[in-house]
Amino acid sequence: MRGKFITLEGIDGAGKSTHLAWLAERLKSRGVSLCITREPGGTPLGEKLRALLLDKDQPMHLETETLLMFAARREHIDKVIAPALARGESVLCDRFTDATFAYQGAGRGVSREKLVALEQWVQGDLQPDLTIIFDLPPAVGRARAGSIKSPDRFERENEAFFERVREGYLQRAQAAPERIRVVDASRGIAEVQADLAVIAEALCP
Ligand code: TMP
C-alpha cells in the first residue's frame, strides 16, 4: 500500500492511546511500515512546545496557544511527516489539525477564518488520508479517566469546554465525510476494536 497519512482524534478520556496502540499493531502485522508520532510534539522542538502548551502554570492567550500548535506542526511536517510519506511509510499521528479546529476553534473560540489561513500556510495541500474520531460524551470520558493526579492545562477544563470540543469534532466529520470516520468510543473496547479491524482491512486489503 502507498504510504497513508492517518490521524486519530477525540476528546481527552476517549481512550485514543489504547486504540492507537492496537491499530498500530494491527497495521504492522499486515506488513505496513509505520511511523508513529503525535501532536503537539513529534520533534525535539515540538516536544518542548508541547511541554509549554500543557503546563498548567503557563497561562497564555488563546491565539498564542493556536500559533504554538501550528508552530509545532510546521516543524513536525518538515522533520517527520513529509519525510516518512516520501519514504513510502504510513504515518499514524495522534492528533493533527482537526484538534486545533475542535480545541482552539470550537473550544476556545478562535475564528474559523484564522484557523483556515494558518492551516493553508502551514500545510499547503497536505491533509490526512484518513482521520478516526473516537467520539463519546465528555461525562463518560471523565468518569473513565477517573481523577487525574495532576491534570494538564487542557485536562483541567470543564465539561462545557469538552462539549464544545466534541461538537467541533462532529462538525468536522460532517463537513468531510470522505476523510473522517467517527467511531463510537462509549462502547466496550472489543466493539471499538472490531470497528478498527474493519478500517484496517479497508486500508490494506
Ligand atoms: P494528548 O493528550 O492527546 O496527547 O493531547 C494533548 C492535548 O493537546 C489535548 O488536551 C488536546 C490538545 N491539543 C489542542 O488543543 N490543539 C491541537 O491542535 C492539538 C494537536 C492538541
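Every number in this text was worked out from the coordinates using simple rules, so none of it is lab data. Only a predicted model underlies this, so the values are computations on that prediction, with no experimental measurement involved. When we count neighbours, we look across all protein chains shown, and the Cβ atoms used for this are built from the backbone with ideal geometry, even at glycine.
Numbers below:
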read-out	value
Volume per residue that the Cα convex hull of the chain spans, once the total is divided by residue count, Å³	116
Theoretical ellipticity at 222 nm over the chain - DSSP helices of four or more residues, -39500 (n - 2.57) apiece, nearest 500	-14500 deg cm²/dmol
Overall dimensions of segment 81-178 as given by Cα atoms, namely Rg and Dmax in Å	15.2, 42
Projected label distance in nm at Glu201 and Gln120, using a 7 Å step from Cα toward the beta-carbon	4.1
Tail fraction, Cα-Cα pairs, segment 153-205, threshold 18 Å, whole percent	52
Residue-by-residue Karplus 3J(HN,Hα) for segment 158-173, coefficients 6.51, -1.76, 1.60, Hz, glycine and proline x	8, 5, 4, 4, 5, 5, 5, 4, 4, 4, x, 4, 5, 5, 4, 5
Cα-based Rg of segment 35-130 normalised by 2.2 N^0.38 Å, two decimals	1.05
Charge sum, other residues only, whose C-beta stays under 12 Å from Leu34's C-beta, Lys/Arg counted +1 and Asp/Glu -1	+3
Sorted by Cβ density within 10 Å, fewest first, the residues Met60, Met69	Met60, Met69
Likely footprinting exposure, Leu27, Leu115, Leu54, Leu8, fewest C-beta neighbours within 10 Å first	Leu54, Leu115, Leu27, Leu8
